[in-house]
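Report on the structure given below.
The values are calculated or read from the model by the stated rules, or taken from the named source; none is laboratory data. Quantities reported herein were computed from a predicted structural model and do not represent experimental measurements. Cβ: placed from backbone, ideal geometry, glycine included. Neighbour counts: every protein chain shown.
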């Protein structure tokens with residue numbers, strides 16, 4: 001992991017997370033749903049082809065794949081029709097038993113961030129109808145683990161533009177973008193963080209893209225686990241804090 005300046009970490013007041021592949025297990029479901037939707041437009045897209053547009057607002061992702069295949073831009077009506085198929089496929093997936101599974105350790109990360117007096121936002125390439133269905137099953141908004149959700153259709157432009165980050169800042173009263181950390185699993189997440197000029201832009205390599213696929217894109221750190229993510233953000237889990245208190249008190253450490 002790239003060494004991060006301590007002064008940068010201590011400035012962070014808001015962490016903006018991606019959803020699928022970053023905070024929720026993806027299992028390639030988003031890629032598969034996009035390929036299913038593209039078949040409705042008679043396009044048999046490859047996984048790698050779709051992965052290149054992951055993280056973008058889904059109408060934009062659909063339009064890019066169709067244009068790349070055909071050499072001409074699709075109509076807005078066709079994009080909307082394909083997007084409708086995608087939304088239905090995703091709602092079916094997330095509505096099924098086991099369809100929404102938080103990344104192991106992510107709730108401990110949310111807790112550690114909040115314990116440091118830092119806010120948590122989620123932004124996503126999903127439209128609000130999908131994002132709200134996912135978060136309703138996690139209970140994160142109601143339970144306070146997540147302070148705000150910004151979906152791609154809440155703003156004029158989705159990733160890689162910085163609009164969703166700026167909207168999260170506006171809703172939460174954070175004025176300085178240097179006090180924001182962006183965390184995500186796609187090149188468009190990293191580009192979003194950089195275009196917003198966030199204080200930290202962190203890629204996670206346990207989602208849709210491996211380390212080798214993210215290394216070429218500007219970032220401050222690439223992490224493979226929640227422990228490494230908390231270290232990059234400069235926050236500690238309650239378990240680590242308890243261990244530190246026991247050691248300070250001279251009692252034996254433990255798990």
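What do you reckon, is residue 131 assigned by TED's automatic domain parsing to the domain that holds residue 233, out of contact with any helix residue (DSSP H, G or I) (no Cβ under 7 Å at 6 or more places or on another chain), surrounded by 21 or more Cβ atoms within 10 Å (Cβ to Cβ) and not in a loop (DSSP other than H, G, I, E, B)?
yes
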TODO: Specify which of the listed residues (74, 127) is touching a strand residue (DSSP E or B) at 6+ places or on another chain (Cβ under 9 Å) and farther than 24 Å from residue 214 by Cβ.
DONE: 127
- [ ] Determine the pairs where a residue that is within 14 Å of residue 191 (Cβ to Cβ), located within region 205-222, has a partner that is modelled with pLDDT of 95 or more and surrounded by fewer than 22 Cβ atoms within 10 Å (Cβ to Cβ) with Cβ atoms under 6 Å apart, the partner being 6 or more residues away or on another chain.
- [x] 214/222; 218/194
- [ ] Return yes or no: is residue 144 touching a helix residue (DSSP H, G or I) at 6+ places or on another chain (Cβ under 9 Å) and at pLDDT below 95?
- [x] no
Open item on the list: touching a helix residue (DSSP H, G or I) at 6+ places or on another chain (Cβ under 6 Å), more than 20 Å from residue 105 (Cβ to Cβ), at pLDDT 95 or above and not in a loop (DSSP other than H, G, I, E, B): is that true of residue 202 in this structure?
Closed with: no
Task: Close pairs from region 35-49: first without any contact (Cβ under 8 Å) to a residue 40 or more places away in the chain, partner in a loop (DSSP other than H, G, I, E, B), Cβ under 9 Å, at least 6 apart - done: 35/43; 35/44; 35/45; 35/46; 39/45; 47/28
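Can you find a residue in region 57-76 that is under 30 Å from residue 227 (Cβ atoms), part of a helix (DSSP H, G or I) and free of Cβ contacts under 8 Å to residues at least 60 places away in the same chain?
Looking through region 57-76, none of the residues is under 30 Å from residue 227 (Cβ atoms), part of a helix (DSSP H, G or I) and free of Cβ contacts under 8 Å to residues at least 60 places away in the same chain.
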Open item on the list: Checking the conditions here, which among 106, 62, 12 is in the same structural domain as residue 232 (by TED's automatic domain parsing), crowded, with 21+ Cβ neighbours inside 10 Å and touching a helix residue (DSSP H, G or I) at 6+ places or on another chain (Cβ under 9 Å)?
Closed with: 12
Task: Count of region 7-50 residues which are outside any loop (DSSP other than H, G, I, E, B), touching a strand residue (DSSP E or B) at 6+ places or on another chain (Cβ under 6 Å) and farther than 17 Å from residue 92 by Cβ - done: 4
- [ ] Among the candidates 113, 165, single out the residue that is outside any loop (DSSP other than H, G, I, E, B), over 30 Å from residue 43 (Cβ atoms), within 13 Å of the chain's Cα centre (by Cα) and not assigned by TED's automatic domain parsing to the domain that holds residue 38.
- [x] 165
Task: Which numbered condition residue 156 fails, given (1) part of a helix (DSSP H, G or I); (2) without any contact (Cβ under 8 Å) to a residue 40 or more places away in the chain - done: (1)
